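Chemist: Once you've had a glance at the structure underneath, I'll fire off some questions.
We did not get these values from a lab; they are worked out from the coordinates using the rules stated. Remember, it's a predicted structure, so these values are computed and weren't measured experimentally. In this analysis, Cβ positions are derived from the backbone assuming ideal geometry, glycine residues included, and neighbour counts consider all displayed protein chains.
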Amino acid sequence: MRLVMIGSGYVGLVSGACFADFGHEVICIDKIATKIESLERGEIPIFEPGLGPMVQSNLAAGRLRFTTDFTGPVAEADVVFIAVGTPSRRGDGHADLSYVHAAAREIARAMQGFTVVVTKSTVPVGTGDEVERIIREENPDADFAVVSNPEFLREGAAIADFKRPDRIVIGTEDPRAEKVMREVYRPLYLNQSPLFFCERRTSELIKYAGNAFLAMKITFINEIADLCEQVGADVQKVAKGIGLDRRIGDKFLHAGPGYGGSCFPKDTVALVKTAQDHDSPMRLVETTVAVNDTRKRAMARKVVAACGGDVRGKTLAILGLTFKPNTDDMREAPSLAIIQALQDKGATIRAYDPEGAEAAREMTSGVVFGKDPYEIADGADALVLVTEWDEFRALDFARLRGRMAQPLLVDLRNVYPAEEVERHGFRYVGVGRKPID
Ligand code: NAD
């Protein structure tokens, strides 16, 4: 099949490369010419494990192409996916749909013959109706169907998630579009990934409901962690103890500095806004958003408390900046708010991240970036582990201790058992484990 992917970011690029890998003919479009030029050379503008070789092999096989031009590719496509960004709109927190609407207009002007237009971007309920209206307004004779097909991949594990998803949700009531979408995803259900068909509005809401539920689960365990510190319980064990119950499950029960990233923060707020607009407020999600917002600066206060109540003039070494490991995505990363709060209290910040430093440099000021954990630990008063990259899981504490002014680890991801770190003469402070002495 001939597929077009509009937007070659985390979702568009991964989906496009995976569809090409399954044998479809894919053209990825983006409006940023420099991005397209580097992709044509096989250079990947983002860090996503396994994506480089997959793009390069499909480019070489001629199944994957990149362009900034809509006209030819859209005219020839069976299916056009919209995978552009839907960030929070400045001012009111609603999803900003201007990129989706712009893409719909461009598609409308270029489409020829029956075309299935698929919103893969995360879009509020009713966006499919609006995309349909825009296309009809722009090109009244067009023969098309608008389908919702939200994406559930996780950055850092995107290829595996795309190729072996728990489910593929497709929202359409058009039998022609359903047939086309079955064909698009046929290679995936050979991997036994179930296709779940439903109405377009239902599909749009499934994506938000899923993200809000996961955000709520994280926030729940974070509040339990705070309680653990007050009552002398261990959140790791509470999480294990409840997670073994299959009705609850063990995923998304890791206490930490609060959720971040390019999806949960904006999608929870957008759902709250949609619900308010429909006079059906979602108080649980509203509270989740509020609790998570306060958590990041609360983590900075935890660091300050661990440092004896004052960090003015102290040097803090931050391990990990991205919102989670195995990505270079710094959007809404908790590290940003934590660093800002620590700088506000007078600390000097050094930081290291395997992939996120370049983006972090643009989003912070006054931070000194180092090339590894040991360099930034030089003379530091505390190490603060913010993102649990694999390379932070087996740190050489003897070596770190020799370099640091104070041997203190604040482990905001509970990577280490306290005893292991304390054995090397460090003081250890985790999340939801025991109160700071
Ligand atoms: P992104 O910012 O990485 O990529 C979006 C791309 O679209 C950019 O390269 C931008 O230049 C391009 N673009 C915007 N308008 C365009 C236009 N009119 N024509 C051509 N290109 C255009 O965004 P992303 O992280 O890939 O997210 C895309 C959508 O997928 C969002 O709605 C997001 O919520 C959703 N989503 C993201 C993830 C994730 O993990 N990143 C997971 C699931 C769903």
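Chemist: Given points 7 Å out from each Cα along the Cα-Cβ axis, report the Met1 to Glu375 separation in nanometres with one decimal.
Modeler: Label at Met1, label at Glu375, 4.7 nm between them.
Chemist: Further question on the same structure: Determine the equivalent ellipsoid of the range 68-219 by diagonalising the alpha-carbon gyration tensor, then write out the semi-axes as square roots of 5 times the eigenvalues, largest first, rounded to whole Å.
Modeler: That gives 25, 20, 14 Å for the three semi-axes.
Chemist: With each run of n ≥ 4 DSSP H residues scored as -39500 (n - 2.57), what mean residue ellipticity at 222 nm is computed for the chain after dividing by its residue count and rounding to the nearest 500 deg cm²/dmol?
Modeler: Calculated from helices alone, the mean residue ellipticity at 222 nm is -14000 deg cm²/dmol.
Chemist: Here's another thing I want to ask about it. Projected area of the range 327-368, taken from the Cα convex hull and averaged over every viewing direction, in nm²?
Modeler: Seen from a random direction, the Cα hull of the range 327-368 projects 2.7 nm² on average.
Chemist: Within 10 Å, at most 14 other Cβ atoms, and a DSSP state outside H, G, I, E, B define an exposed site. Report the longest part of the chain free of exposed GluC sites (Glu not before Pro).
Modeler: After excluding every exposed loop site, the longest remaining stretch is 200-437.
Chemist: Shape call for the chain from the C-alpha gyration tensor, a ≥ b ≥ c root eigenvalues: rounded (a/c under 1.5), prolate (a/b greater than b/c) or oblate?
Modeler: Prolate, since a/c reaches 1.5 and a/b exceeds b/c.
Chemist: To the nearest 20 debye, what charge dipole does the range 2-198 have about its Cα centre, counting +1 at the Cβ of each Lys and Arg and -1 at the Cβ of each Asp and Glu?
Modeler: Numbers: 21 positive and 28 negative charges, 76 e Å.
That gives the range 2-198 a dipole magnitude of about 360 debye.
Chemist: Compute a Gaussian network model of the chain, connecting alpha carbons closer than 10 Å, and tell me which residue from Val368, Val11, Val26 fluctuates the most.
Modeler: Val368
Chemist: Once both axes come from the Cα atoms, what is the angle between helix 200-231 and the longest principal axis of the chain, in degrees from 0 to 90, rounded to 10?
Modeler: Once rounded, one gets 10 degrees.
Chemist: What is the distance, in nm, between label points placed 7 Å from the Cα along the Cα-to-Cβ direction at Lys434 and at Arg399?
Modeler: Placing both labels 7 Å beyond Cα along the Cβ direction yields 2.9 nm.
Chemist: Let me ask another. Considering the range 199-437, what Rg and Dmax in Å follow from its alpha-carbon atoms?
Modeler: 18.3, 61
Chemist: Just to verify a number: FRET efficiency for His424 and Phe196, C-beta to C-beta distance, R0 = 30 Å, to 0.05?
Modeler: Efficiency, from the Cβ-Cβ distance: 0.05.
Chemist: Provide the net charge surrounding Gly370, with neighbours chosen by a C-beta distance below 9 Å and charges set as Lys +1, Arg +1, Asp -1, Glu -1. Could you put the intermediate results ahead of the total?
Modeler: Values: positive: Arg350, Lys371; negative: Asp372, Glu375, Asp378.
With Lys, Arg at +1 and Asp, Glu at -1, the neighbours total -1.
Chemist: Any chance you could check the Cα centroid distance between the range 386-437 and the range 292-338 for me, in angstrom?
Modeler: Measuring centre to centre over Cα atoms gives 15 Å.
Chemist: So, counting K/R as plus one and D/E as minus one, what does the shell of residues with Cβ under 10 Å around Gly12 add up to?
Modeler: Net local charge, Gly12 excluded: -1.
Chemist: Can you tell me the length gained on complete extension of the stretch Glu43 to Ile242, counting 0.36 nm per residue apart and subtracting the Cα distance?
Modeler: Length difference between fully extended and current span is 67.2 nm.
Chemist: Can you tell me the FRET efficiency between Val231 and Ile32 if r is taken as the Cβ-Cβ distance and R0 is 51 Å, rounded to the nearest 0.05?
Modeler: Details: r = 51 Å, r/R0 = 1.01.
Calculated value: 0.50.
Chemist: Right, another one. When a/c is below 1.5 the answer is rounded, else prolate if a/b is larger than b/c, else oblate, so apply that to the range 1-137 with a ≥ b ≥ c taken from the square roots of the Cα gyration tensor eigenvalues.
Modeler: Oblate shape, in that a/c is at least 1.5 and b/c is the bigger or equal ratio.
Chemist: Once the Cα atoms of helix 10-21 and of the chain are each reduced to a long axis, what angle between those two axes, in degrees from 0 to 90 to the nearest 10, is obtained?
Modeler: So the helix axis and the longest Cα principal axis differ by about 60 degrees.
Chemist: So what are the range 37-87's ellipsoid semi-axes, whole angstrom, largest first, if each one is the square root of 5 times an eigenvalue of the alpha-carbon gyration tensor?
Modeler: Working through the eigenvalues yields semi-axes of 21, 16, 11 Å.
Chemist: Now, a different point. Could you give the distance between the Cα centres of the range 1-15 and the range 86-132, to the whole Å?
Modeler: If you average the Cα positions of each part, the centres end up 15 Å apart.
Chemist: For the chain, what is the percent of antiparallel DSSP beta bridges, rounded to the nearest 5? If you can, show how the numbers build up before the last one.
Modeler: Values: 2 of 45 bridges.
Counting only bridges with both partners in the chain, antiparallel ones make up about 5 percent.
Chemist: Could you tell me how far the Cα centroid of the range 29-72 sits from the Cα centroid of the range 245-266, in Å?
Modeler: The range 245-266 and the range 29-72 have Cα centres spaced 32 Å from each other.
Chemist: Then there's this: Quote the charge dipole size of the chain about the Cα centre in Debye, to the nearest 20; the model charges only the Cβ of Lys and Arg (+1) and of Asp and Glu (-1).
Modeler: 960 debye
Chemist: Take every Cα pair under 8 Å in the chain that's 6+ residues apart, average their separations, divide by the length, and report that relative contact order as a whole percent.
Modeler: Normalised by residue count, the contact order of the chain is 12 percent.
Chemist: Place a +1 charge on the Cβ of each Lys and Arg in the range 326-437 and a -1 charge on the Cβ of each Asp and Glu, then give the dipole magnitude about the Cα centre in debye, rounded to the nearest 20.
Modeler: 460 debye
Chemist: Follow-up question, since we're still on this one. Gain in length, Asp279 to Glu173, computed as 0.36 nm per residue apart minus the alpha-carbon separation, to one decimal in nm? Can you show the working numbers first?
Modeler: Values: separation 106, 0.36 × 106 = 38.16 nm, distance 2.65 nm.
Residue separation times 0.36 nm, minus the Cα-Cα distance, leaves 35.5 nm.
Chemist: Hey, what does the equivalent ellipsoid look like for the range 300-339, semi-axes from the Cα gyration tensor as sqrt of 5 times each eigenvalue, largest first, whole Å? Working shown, then result.
Modeler: On the way: eigenvalues 113, 17, 13 Å².
Here the semi-axes work out to 24, 9, 8 Å.
Chemist: Ok, one more. Over all directions, the average projected area of the alpha-carbon convex hull for the range 255-331 comes to how many nm²?
Modeler: Mean orientational projected area (the range 255-331, Cα hull): 6.6 nm².
Chemist: When only Cα pairs under 8 Å and 6 or more residues apart are kept, what is the percent relative contact order across the range 75-203?
Modeler: Working: 209 pairs, mean separation 28.5, N = 129.
This gives 22 percent for the range 75-203.
Chemist: Relative to the longest principal Cα axis of the chain, at what angle does helix 127-138 sit, 0 to 90 degrees, rounded to 10?
Modeler: Result, in degrees: 40.
Chemist: Additional query: Express the relative contact order of the range 240-328 as a whole percentage, based on alpha carbon pairs under 8 Å and six or more residues apart in sequence.
Modeler: 24 percent
Chemist: Same structure again: Which is farthest toward the positive dipole end of the chain among Gly128, Val116, Ala351, measuring Cα position about the Cα centre, with Cβ charges +1 (Lys, Arg) and -1 (Asp, Glu)?
Modeler: Selected residue: Ala351.
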